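Trainee: The following block contains the structure, expressed as structure tokens.
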Amino acid sequence: MTFAQDIIIKPIITENSMKGIAEKKYTFQVAKSANKIEIAKAAEELFGVKVAKVNTMNVRGRYRRQGMKGGFTAATKKAIITLTADSKGIEFFEGMN
């Protein structure tokens, strides 16, 4: 059994993700095995909000160098969660705006 904390790993804080807060769109890094339905249920359980839709994307690892050696960063999955119009916002992001 997976818990909501295992599905939603951490928020993604970038300039582009902060622009979406006005439209009630929040960006999170999620578990690679999670699907859209599991992500929506986890967000509703963790934050007490109503989810309208979830968009997901797989982010491939990027090549990085450390001196002479090189390697790839870990591949991740990210989700953009859109809330309904009557839903309250997520408090964590509201303080940053």
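Trainee: From the list ILE12, ILE37, which one is open to solvent by less than 50 Å² (accessible area, probe 1.4 Å) and among the β-branched types (Val, Ile, Thr)?
Mentor: ILE12
Trainee: Among the residues that make up the stretch 63-86, is at least one of them among the basic types (Lys, Arg), part of a loop (DSSP other than H, G, I, E, B) and over 15 Å from the mean Cα position of the chain (by Cα)?
Mentor: Filtering the stretch 63-86 down to residues among the basic types (Lys, Arg) leaves 64-65, 69, 77-78.
With part of a loop (DSSP other than H, G, I, E, B) added as a condition, the list becomes none.
Scanning the stretch 63-86 turns up no residue that is among the basic types (Lys, Arg), part of a loop (DSSP other than H, G, I, E, B) and over 15 Å from the mean Cα position of the chain (by Cα).
Trainee: Residues of the stretch 42-88 being among the hydroxyl-bearing types (Ser, Thr, Tyr) and under 15 Å from ILE21 (Cα atoms), which ones? Spell out how you get there, then give the answer.
Mentor: Here is the first cut: in the stretch 42-88, the residues among the hydroxyl-bearing types (Ser, Thr, Tyr) are 56, 63, 73, 76, 82, 84, 87.
Answer for the stretch 42-88, where residues must be among the hydroxyl-bearing types (Ser, Thr, Tyr) and under 15 Å from ILE21 (Cα atoms): THR82, THR84, SER87.
Trainee: Scan the stretch 47-56 and give yes if some residue there is among the polar types (S, T, N, Q) and either loosely packed, with under 14 Cβ neighbours inside 10 Å or assigned to a strand (DSSP E or B) (or both), otherwise no.
Mentor: Yes, the stretch 47-56 contains at least one residue that is among the polar types (S, T, N, Q) and either loosely packed, with under 14 Cβ neighbours inside 10 Å or assigned to a strand (DSSP E or B) (or both).
Trainee: In this structure, does TYR63 turn out to be surrounded by fewer than 16 Cβ atoms within 10 Å (Cβ to Cβ) and either out of contact with any Ser or Thr (no Cβ under 8 Å at 6 or more places or on another chain) or not β-branched (Val, Ile, Thr) (or both)?
Mentor: Against the criterion (surrounded by fewer than 16 Cβ atoms within 10 Å (Cβ to Cβ) and either out of contact with any Ser or Thr (no Cβ under 8 Å at 6 or more places or on another chain) or not β-branched (Val, Ile, Thr) (or both)), TYR63 qualifies.
Trainee: Which members of the stretch 75-96 meet the condition of being open to solvent by 80 Å² or more (accessible area, probe 1.4 Å) and in contact with a Gly (Cβ under 9 Å, 6 or more places away or on another chain)?
Mentor: Correct list: LYS88 only.
The values are calculated or read from the model by the stated rules, or taken from the named source; none is laboratory data. Only a predicted model underlies this, so the values are computations on that prediction, with no experimental measurement involved. Virtual Cβ from ideal backbone geometry, glycine too; neighbours counted across all protein chains shown. The area values use the complete protein model at the heavy-atom level, side chains included, leaving out ligands, DNA and RNA. Shrake-Rupley method; radii C 1.70, N 1.55, O 1.52, S 1.80 Å.
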